[in-house]
Amino acid sequence: MAATALAQAPEAFSYQAVARDANGDPLAGTTITVMFALHQTTPMGAVLYVEQHNPTTNDLGLFQVEVGQGTQLQGTLSAIDWSAGPYFLEVGIDPAGGLLVVPVGTQQLLSVPYALHAGTVDVADDGDWVVNGDTLHSGNKRVGIGTAAPDTTLHVVGGFKYQDGTQADKRILTSDADGNASWQVPDGSVLLGGFSPPFNLDCLAASATRPTGSTPVAVAQYGQYLYVANFIGNSMQVFDVSDPGIPTLVTSVPTILPVSITISGGRAFVVNQDQNLSVFDLGTPASPALLGSVPTDLQPTSVAVNGDYAYVSHGNGATLMVYDVSDPSSMSLLSSLFVPIAPGSTVAIKDDHLYWVAKTLSVVFDLSNPASPQFVTNPSWGGDHFTRSGDHLYV
């Protein structure tokens with residue numbers, strides 16, 4: 001059984017743009033020269049086709065042409081094997097309508113080659129697919145989208161969009177008992193169904209316990225090692241947790257009244273209540289080596305790192321200090337911001353934003369310029385501590 005194409009795909013496609021002069025102003029009512037060159041494989045690849053148009057722009061400088069129906073200067077559009085792409089379309093313009101064409105851009109053709117390639121399909125085996133009204137089905141067949149070798153009933157490689165009216169920002173896809181999918185708010189009932197853990201979390205059990213120093217206040221992980229800040233114990237302890245059931249104390253590094261640890265780029269950044277930020281090299285994770293320290297303001301509470309920049313929050317005075325830590329042996333203060341809210345406790349970074357959670361309010365800064373954070377908003381929620389996972393904050 002075979003299916004026959006009922007329509008012939010046109011050997012042309014539309015192109016529309018606004019022509020502008022050197023000052024960026026639209027060229028209204030002007031006859032211009034537009035030249036198209038089709039490159040194969042890369043934007044600078046072999047040129048398979050070139051054609052020229054001389055359209056006249058409208059009052060807004062807008063023009064529209066049909067690529068494939070201009071004056072052919074090289075090759076023919078019908079001779080192009082669209083299945084041998086990708087293809088890139090280079091556009092050149094002479095605002096004076098002559099031949100002094102200046103390239104203005106090259107872009108990849110995405111849907112157009114597929115539409116034109118459809119014109120080459122005369123007959124195709126339908127593989128025993130059955131059309132019944134508005135239903136297309138086939139028993140024991142596989143469908144591949146983005147792959148020529150599907151290994152299940154529906155195999156999609158690439159993006160996937162599902163819209164049934166329940167979609168919204170930051171929802172998760174779930175199903176009912178019959179497998180009917182819908183988008184839901186990610187609350188406990190959606191995540192855990194009827195198996196929500198009891199309030200006392202007796203369902204959780206510790207793999208192991210290990211004594212730490214006096215008053216442990218912060219912990220960070222790097223590979224198979226945990227780094228614990230002991231406030232009263234004036235130390236940063238290093239534990240090997242390659243076997244979680246038997247955590248082993250490897251070493252203890254002296255540091256005065258540590259309150260926060262962040263690990264970034266193979267280094268541990270530790271803020272201490274004796275008003276300094278210390279940086280340790282974790283090239284040998286079991287043996288941190290001090291690289292340098294820099295003074296902070298009173299009562300530093302937390303540190304977050306973004307590339308060559310460290311951001312330290314403080315409880316006294318509610319200040320946020322930004323340091324250049326590209327060279328830990330010679331760190332420098334770049335800026336200091338005062339935020340007139342409750343004292344800050346914890347900072348974290350997600351993409352180009354810094355989140356500072358205080359006891360009663362929170363503040364969000366834009367880090368597009370990392371050395372100079374810009375205030376964005378202050379949500380009306382707060383807390384003593386928080387953590388970030390994916391696109392969510394847990395306070």
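The values are calculated or read from the model by the stated rules, or taken from the named source; none is laboratory data. Everything numeric in this text was worked out from a predicted model, so none of it was measured. Note: ideal-geometry Cβ built from the backbone for every residue, glycine included; neighbour counts use all protein chains shown.
Some observations on this one:
- In region 8-25, the residues that are in a loop (DSSP other than H, G, I, E, B) and not acidic (Asp, Glu): Gln8, Ala9, Pro10, Ala12, Ala19, Ala22, Asn23, Gly24
- Ala28 vs. criteria assigned by TED's automatic domain parsing to the domain that holds Leu109, at pLDDT below 90, not hydroxyl-bearing (Ser, Thr, Tyr) and not in a strand (DSSP E or B): no
- Residue ID - nearest to Val91 (Cα to Cα), chosen from residues in region 53-81 that are in a strand (DSSP E or B) and more than 40 Å from the chain's Cα centre (by Cα): His53
- Only listed residue being assigned by TED's automatic domain parsing to the domain that holds Ala348, in contact with a helix residue (DSSP H, G or I) (Cβ under 9 Å, 6 or more places away or on another chain) and part of a strand (DSSP E or B), chosen from Val303, Val279: Val279
- Index of the failed condition, Thr301 passing every other in (1) at pLDDT 85 or above; (2) surrounded by fewer than 16 Cβ atoms within 10 Å (Cβ to Cβ); (3) not aliphatic (A, V, I, L, M): (2)
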